[in-house]
1. I'd like the full set of residues that are surrounded by fewer than 16 Cβ atoms within 10 Å (Cβ to Cβ) and in contact (Cβ under 8 Å) with a residue 24 or more places away in the chain, limited to the stretch 38-47.
2. Pick from 186, 246, 199, 214: which is in contact with a helix residue (DSSP H, G or I) (Cβ under 9 Å, 6 or more places away or on another chain), free of Cβ contacts under 8 Å to residues at least 24 places away in the same chain and farther than 17 Å from residue 299 by Cα?
3. What is the one condition in (1) assigned to a helix (DSSP H, G or I); (2) at pLDDT below 95; (3) under 19 Å from residue 171 (Cα atoms) that residue 369 does not satisfy?
4. Which of the following residues is modelled with pLDDT of 95 or more, within 23 Å of the chain's Cα centre (by Cα) and in a loop (DSSP other than H, G, I, E, B): 170, 177?
5. Could you count how many residues in the stretch 160-180 are surrounded by 16 or more Cβ atoms within 10 Å (Cβ to Cβ) and farther than 29 Å from residue 137 by Cβ?
6. Would you list the helices (runs of 4 or more DSSP H) that sit entirely within the stretch 40-150 and hold 2 or more residues that are under 23 Å from residue 171 (Cα atoms)?
7. Just checking, how many residues over the stretch 10-35 are under 20 Å from residue 248 (Cα atoms) and crowded, with 21+ Cβ neighbours inside 10 Å?
8. If I go through the stretch 346-364 residue by residue, how many of them are under 15 Å from residue 1 (Cα atoms) and touching a helix residue (DSSP H, G or I) at 6+ places or on another chain (Cβ under 6 Å)?
């Protein structure tokens with residue numbers, strides 16, 4: 001049975017980022033299928049891992065690196081040694097900040113390319129280091145997995161040398177639809193829900209301006225996530241819009257918020273995938289989202305879309321949802337239909353097929369590497 005090293009050194013141990021959660025779901029799916037065994041190399045300890053994989057894999061806990069570029073260079077030496085010691089066949093990098101060498105082949109996952117698609121917002125160090133990291137790791141990967149067709153198109157645009165090796169394998173909803181909190185403590189009054197940390201790509205200030213223009217003070221905003229720069233409050237600029245911020249809440253409370261919200265709003269300039277869209281659709285929450293990047297791709301027909309640079313367009317979508325009879329029910333039904341396109345078992349099947357395909361290619365190439373001067377017999 002092939003042995004796969006899932007390499008995820010850049011994520012914080014015990015803090016379930018989107019990258020980590022996707023990796024854990026993929027690992028669980030691969031184990032359930034039974035064609036490979038898995039070793040996880042990451043800052044996570046065994047006790048911190050989800051129960052679904054905790055006792056089914058080998059665990060190597062490493063410290064999270066402080067300087068990514070140096071660590072990627074270090075991995076180029078350390079990971080091949082580890083692979084030889086543990087008899088690893090393939091390295092699956094959970095993101096491109098991983099190993100360029102090791103095993104018989106590498107497969108790397110790309111979740112987004114914000115540093116290229118939004119270059120004006122990239123910090124100077126990121127601009128200088130992330131591009132060479134991507135070129136180094138992706139250039140030495142037998143296969144690249146993009147989480148959406150939009151991300152695949154970005155990869156083809158900025159790194160055309162990986163075009164023929166890039167495959168789209170989407171994620172699926174993660175929130176348990178049956179999750180419940182006995183006392184979810186829902187905000188008073190109707191509200192629009194927004195989920196995620198207020199980073200620039202999320203564009204939450206446009207939602208604030210749209211809600212202020214809506215002029216319906218009975219409808220508030222509930223933000224689940226961090227907003228250290230107070231982007232939403234600043235953009236409201238004193239408008240009488242009720243703002244509630246929640247963070248580090250339970251799955252049950254988040255599920256209750258989706259069920260109670262008038263809608264989920266995703267005003268992002270750029271998204272590599274966008275799990276909250278699928279979470280909302282699973283739980284019967286209408287979606288209003290940006291028409292850029294992966295968001296409309298993921299939402300399918302189950303959403304109203306708008307230009308994220310136009311707060312007025314978002315205001316118009318909100319008015320439609322609140323005022324047009326039957327539109328809410330139509331979006332909920334379309335959302336339920338759209339969610340059926342995404343399934344973790346299918347995601348795992350496609351990961352497994354790509355892994356085994358990469359290993360077959362490596363096996364076919366091995367004799368040629370061993371005998372570079374061989375000639376056919378006369």
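1. We begin by selecting, within the stretch 38-47, every residue surrounded by fewer than 16 Cβ atoms within 10 Å (Cβ to Cβ); these are 45-47.
The answer is 45, and nothing else.
2. On the way: 186 fails: free of Cβ contacts under 8 Å to residues at least 24 places away in the same chain; 246 fails: free of Cβ contacts under 8 Å to residues at least 24 places away in the same chain; 214 fails: free of Cβ contacts under 8 Å to residues at least 24 places away in the same chain.
None of the other options fit; the residue is 199.
3. (3)
4. 170
5. 1
6. It comes to 51-54, 114-117, 124-139.
7. The total comes to 4.
8. Counting residues in the stretch 346-364 that are under 15 Å from residue 1 (Cα atoms) and touching a helix residue (DSSP H, G or I) at 6+ places or on another chain (Cβ under 6 Å) gives 1.
The values are calculated or read from the model by the stated rules, or taken from the named source; none is laboratory data. Fair warning: this is a prediction, and the values are worked out from it, not measured in the lab. Methodologically, a virtual Cβ is constructed for each residue, glycine included, from the backbone with ideal geometry; neighbour enumeration extends over all protein chains shown.
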